[in-house]
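The structure appears below as structure tokens.
No value in this document is a laboratory result; all are computed from the given coordinates. Model, not experiment: these values are computed from the prediction. FYI the Cβ positions are ideal-geometry reconstructions off the backbone, even for glycines, and counts take in every protein chain you see.
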Amino acid sequence: KGPAWDNIVFVLGGPGCGKGTQCARISRDYNYTHLSAGDLLRDEVATGSELGKELDSMMKEGKIVPMHVTIRLLSAAMEKAPETAAGFLIDGFPRQLDQAVAFEQQIRACKFVLYFSCSDAQLEKRLLKRGETSGRADDNIATIKKRFRTFVETSMPVIEAYAAKNKCVEISSEPSVDEVYAAVKKHFEDPPP
Ligand code: UP5
Ligand code: MG
């Protein structure tokens, strides 16, 4: 397997913190393959399959879907990625501690976690704004509140576990996209800080 398999970065943070926005820039500038677990799930929903229907109703409730689904989708997408890529950005996964363990056992260990911290007030503002045009079924206030709750209760422990192992880089995503990216870039430059 190519060098990317030794350079897996989990990109985590609350709903709307800017994972997708920042990953797009990193993949553009550093030749990383960007895989958003949420996008892969929404692609499955878009096929109209039975599985897609089940995923859609879980996502509308802000629930985390069973990890055998996300791991299968991610692993298939990783196998299809260009061999010349420098790394993988796994955006929005793992969302629960057992998912981190399973991914690292079944695929590879991650190099580090990039965690975007942001206040709920800012997240809510961004998601409601995006909801005006995104067409995302979960960008409505009722689902947003559920997504926040799931993040705090279930996904924060993943971040805390990597932080305890000194494998978590925390960057505030409260400032502008450019300012956040300036902080992000430092961690992808060679040599690292
Ligand atoms: N924006 C971004 N950065 C900004 C900044 N610095 N200043 C001002 N505005 C900024 O950004 C969100 C919005 O904010 C955009 O309009 C952007 O322009 C603006 P985005 O980059 O899209 O943020 P992101 O963190 O990617 O937000 P997203 O909504 O995608 O995060 P979620 O974690 O909520 O969504 P995801 O797609 O990962 O998951 C959706 C659902 O899928 C989950 O709720 C869950 O039900 C399910 N799921 C699983 O079950 N398992 C998984 O492994 C993954 C998902
Ligand atoms: Mg996203």
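Remark on the range 30-76: hydrodynamic radius 11.1 angstrom, per the Kirkwood mean of 1/r across alpha carbon pairs. The value of relative contact order for the chain, using C-alpha pairs under 8 Å at least six residues apart, is 34 percent. Magnitude of the charge dipole for the range 88-193, about its Cα centre and with charges confined to Cβ atoms of Lys, Arg (+1) and Asp, Glu (-1), is about 200 debye.
Once you divide the Cα radius of gyration of the range 102-159 by 2.2 N^0.38 Å, the number left is 1.40. Take 34-45, 179-190 and order them by the average number of nearby Cβ atoms within 10 Å per residue, most first; the result is 34-45, 179-190. Convex hull volume of the C-alpha atoms in the chain, normalised per residue: 118 Å³.
Taking Cα pairs under 8 Å and at least six residues apart, what relative contact order does the range 111-183 come out at, in percent?
Computed over the range 111-183, the figure is 52 percent.
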